[in-house]
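Read through the structure below, which is laid out as structure tokens, and then see the notes.
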Amino acid sequence: MTRPWGTWPRYTRSWGPSWVRPLVELVLLEKIYGPYRPEDFTPALLTLCSGLEVDVRVVGTAGRGWLVVEVSGEDEEVAIRLVEEEMGLAPVEPGRLSRYDEVRGRILSLADDGLVVDIGVFRPLNLDALVPLGALRAQLADGLGLSMAELSSLFCLSAGLPFEVELSEDPSPPGPVEAGPSEGQVRELEEWVSSGLDRLVITGASHHAVKKAVGGSGLHKHVLAVERLGALENCVVLKLGAPVGKLFGVLRRRLPWANIMVFRPGRVLDVLPGRFGRLFLTWGRP
């Protein structure tokens with residue numbers, strides 16, 4: 001389960017002279033990497049907190065690229081709750097997590113035996129979650145013996161992608177802590193399959209950059225939506241019958257620094273008809 005907001009101090013408060021209002025420092029569950037700078041994301045936070053009496057700005061990173069934000073003002077408590085709901089706050093320390101907690105981290109790497117996920121714990125040392133291959137097979141493939149490479153190809157699992165895990169044990173540094181895909185993460189992938197729509201999953205590019213690339217591609221008529229998965233992770237949802245290969249090639253040229261993967265529900269159904277075929281009993285196969 002996800003802990004309710006406020007059950008631990010998810011932020012630190014910096015005190016200055018008595019006449020200066022203290023600043024609240026937050027570590028967000030959003031990462032910065034590639035050609036982007038932390039301050040590039042201050043406008044997005046200002047938009048999120050518009051209408052509140054609060055000053056908010058990105059001041060740097062912590063751990064392995066997690067964004068650090070300073071918040072101050074009359075409405076700072078409201079702003080903190082809003083930021084946590086929309087972006088999530090990093091646990092920072094292992095003592096703030098326990099068995100069954102859910103954390104939306106970022107995939108660090110793929111190994112033959114599973115996924116390594118950065119869950120935002122870096123003090124005093126980095127502590128990651130390991131999602132064993134067996135847990136992925138059980139949740140996504142009805143226990144069939146697919147390899148990590150095959151699951152990665154089917155579900156676009158790659159470094160940088162947001163991935164929510166449920167801890168299977170209490171964290172114990174130096175770790176890693178064993179975890180499995182959360183119910184919410186599995187449900188999201190099921191919804192992707194049941195929609196019947198192909199998607200281009202893009203990591204390493206801002207939402208603005210992806211929308212600009214789609215708009216200038218000359219193929220925007222084939223795009224249903226550009227969904228934000230994270231600060232630098234997006235999903236281009238294609239209309240039925242869209243020329244996937246052509247769109248992939250165009251976006252690769254327009255976003256050369258980004259990683260682009262293709263998610264195809266039809267291929268998932270071909271490989272795992274028993275696991276996902278029932279999703280189409282009332283909808284119909286794409």
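A short reminder: the numbers here are calculations on the coordinates, not readings from a lab. Predicted model, so just to flag it, every value in this text is computed and none were measured. All Cβ positions, glycine included, derive from the backbone under ideal geometry; neighbour counts span all protein chains shown.
The three principal axes of the C-alpha atoms in region 96-191 carry coordinate ranges of 37, 22, 20 Å, sorted with the longest axis first. Cα centroids of region 167-221 and region 121-136: 18 Å apart.
Residues whose amide H lies under 5 Å from that of residue 73, counting only those 5 or more places away or on a different chain, are 55; hydrogens are built 1.01 Å from N in the peptide plane. Once the mean of 1/r is taken over each pair of separate Cα atoms and inverted, region 33-179 shows a Kirkwood hydrodynamic radius of 16.8 Å. Where only DSSP H runs of four or more residues are counted, the chain gives -7500 deg cm²/dmol as its mean residue ellipticity at 222 nm, each run worth -39500 (n - 2.57). Annotation note: trypsin sites (Lys or Arg not before Pro) in region 92-192 located in DSSP loop regions with a Cβ neighbour count of at most 16 within 10 Å are 99. Scanning the chain for GluC sites (Glu not before Pro) in DSSP loops with at most 16 neighbouring Cβ atoms within 10 Å leaves 170-286 as the longest stretch between them. For residue 254 and residue 59, the difference between the fully extended length at 0.36 nm per residue and the C-alpha to C-alpha distance is 67.3 nm.
Coordinate range of the alpha-carbon atoms in region 11-86 per principal axis, descending: 39, 26, 18 Å. Loop-located trypsin sites (Lys or Arg not before Pro) in region 218-254 (DSSP state other than H, G, I, E, B) with a sparse environment of at most 16 neighbouring Cβ atoms within 10 Å: 239.
Rounded to the nearest 20, the size of the Cβ-charge dipole of region 186-286 about its Cα centre is 340 debye, with Lys and Arg at +1 and Asp and Glu at -1. Based on Cα atoms of the chain, Rg over Rh with Rh as the Kirkwood radius reads 0.99.
From the Kirkwood radius over Cα pairs of region 178-286, Stokes-Einstein at 20 °C and 1.002 mPa s returns a whole-number translational diffusion coefficient of 146 µm²/s. Note: relative contact order over the chain, using C-alpha pairs below 8 Å and six or more positions apart, is 14 percent.
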